[in-house]
1. Over the chain, average the accessible area per residue using a 1.4 Å probe and give it in Å², no decimals.
2. Which FRET efficiency value, to the nearest 0.05, do you get for SER245 and ARG18 by plugging their Cβ-Cβ distance into 1/(1 + (r/R0)^6) with R0 = 45 Å?
3. Full extension from ARG61 to LEU315: what is 0.36 nm times the residue separation minus their Cα-Cα distance, to one decimal in nm?
4. Once the Cα atoms of helix 64-80 and of the chain are each reduced to a long axis, what angle between those two axes, in degrees from 0 to 90 to the nearest 10, is obtained?
5. Taking amide H positions as placed in the peptide plane 1.01 Å from N, state which residues far from ILE204 in sequence (5 or more) or on other chains have amide H under 5 Å from it.
6. Let me make sure I get this right: for region 1-102, a, b and c are the square roots of the gyration tensor eigenvalues over alpha carbons, sorted descending. Under 1.5 in a/c it's rounded, otherwise prolate if a/b > b/c, else oblate. Which is it?
7. Residue by residue, what Karplus-based ³J(HN,Hα) values in Hz, rounded to whole numbers, does region 47-52 have, using 6.51, -1.76 and 1.60 with θ = phi - 60° and x for Gly and Pro?
8. Please state the shape class of region 69-152: rounded when a/c is under 1.5, otherwise prolate if a/b exceeds b/c and oblate if not, all from the C-alpha gyration tensor.
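The values are calculated or read from the model by the stated rules, or taken from the named source; none is laboratory data. Quick caveat, the model's predicted, so the values are computed rather than measured. Here the Cβ positions follow ideal geometry from the backbone for every residue, glycine too, while neighbour counts run over all protein chains shown. Please note that ligands, DNA and RNA were not included when accessible areas were found on the heavy atoms of the full protein model with its side chains. Shrake-Rupley method; radii C 1.70, N 1.55, O 1.52, S 1.80 Å.
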Amino acid sequence: MRLVHFSDLHLGFRQYQRLTPGGINQREADVARSFQAAIDRIVALRPELVLIGGDVFHNVRPTNPSIIHAFLQFSRLRAALPDAELVLIAGNHDTPRAAETGSILRLFRELAINVAYSEAQRFYFAERDLAVLAVPDVRGRPPTLTPDPNARHNVLLLHGEIQGVLPAHVATAERAAIEIPLEDLGAAEWDYVALGHYHVYRQIEPNAYYSGSIDYTSANTWGELYEERVAGVPGKGIIEHDLVSGMHRFHPLPSSRALVDLPHVSARGLTVEEVNDRIRAAVEGCPGSIDDKIVRLIVRDLPRHIARDLDHKTLREYRRRALHFHLDTRRPEIVRLAGQASPGRRPSLADVVREKLMSRVLESDIDRKELVTLGLRYLSEAENSGVLSTTGSDVAVEGSP
């Protein structure tokens, strides 16, 4: 029996101040297109069971266009797979804080989709000898996670956080109502465990997986991209799994909007013109150009006075061309002098001289690297001649009080 597992659609997600010709936020339109691509792939796979792991919408009260789009796409899925079983749960973004507030997810019951939004429910499908325990992300004591002993196949569908598994920045920024220790999940007792909440595809146990989101909709998009790169995950997608054979496959989805994290630039010791040249080279080196993409460029060790005098006209042009261009400037690391209350390592006199020369405002015809080299050479000659006696950052000139 083959299933498809996907999660974290976040329909209605908005980002950046760009609109489509129809007046819809461009990123909202991108996410809607990603959802349509996911439905296309599921229809092509023709599974017997479809599991939707929560966060269908980005907000408890979604926009009318996102509600209509969701209903139309789920209707298309139901029409294409009339005999498939569909199970959907609420995520933390779908769950109202007030108990008396109704859930928009009830709407999808009209499409013969099994929906659990206010409490855990077990759905039994007799013809398939299948039981699905559907656990939405709602406050309160989590239910006991036990399979149905009378069913041949048991699947757990849960939106929440498995303690100690998610990266710290994810667990802190996106709190789930349900937090379960890995041992309480009891994955070995289930034929398959489908998880939602974490936006990167990840295996938790041999038969337990986060499917990840279908687009980049988290609060930390670049962290998400980095986690995928480290884990070797080829972007966003859906899971196909066979309960009988154990066959498992992650299907990447086409990206609705390219995200590009350009190679970082170091501005240490550079003039304004040199930094501008490095930025220009990084942007021009973007495969396929930066046009209509979401782009970030980190510039490290950039002093305030250099940042102030960058070529802002060119930067505005980059922002016009890209859907979003973020120049992420990072100040030089501060080396604190001895005797101050703030923590930091005790610098040598050479460290102090180098840092001062690096941050000093220079005439445009002065080569900063040569200046630093010359300054450190003079310092070394003074120390070797006995004119200076140095200990850490404390300097004593012979003959001085």
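1. Working: 19830 Å² over 401 residues.
Accessible surface, normalised per residue, equals 49 Å².
2. Working: r = 45 Å, r/R0 = 1.01.
In this case the efficiency is close to 0.50.
3. Numbers: separation 254, 0.36 × 254 = 91.44 nm, distance 3.68 nm.
Gain on stretching ARG61 to LEU315: 87.8 nm.
4. The answer is roughly 50 degrees.
5. Under 5 Å from the amide H of ILE204 lie the amide H atoms of TYR209, TYR210, each far enough along the sequence or on another chain.
6. Working: a/c = 2.25, a/b = 1.33, b/c = 1.69.
Since a/c reaches 1.5 but b/c is at least a/b, the shape of region 1-102 is classed as oblate.
7. x, 8, 9, 10, 10, 10
8. On the way: a/c = 2.88, a/b = 1.05, b/c = 2.75.
Note, shape of region 69-152 comes out oblate.
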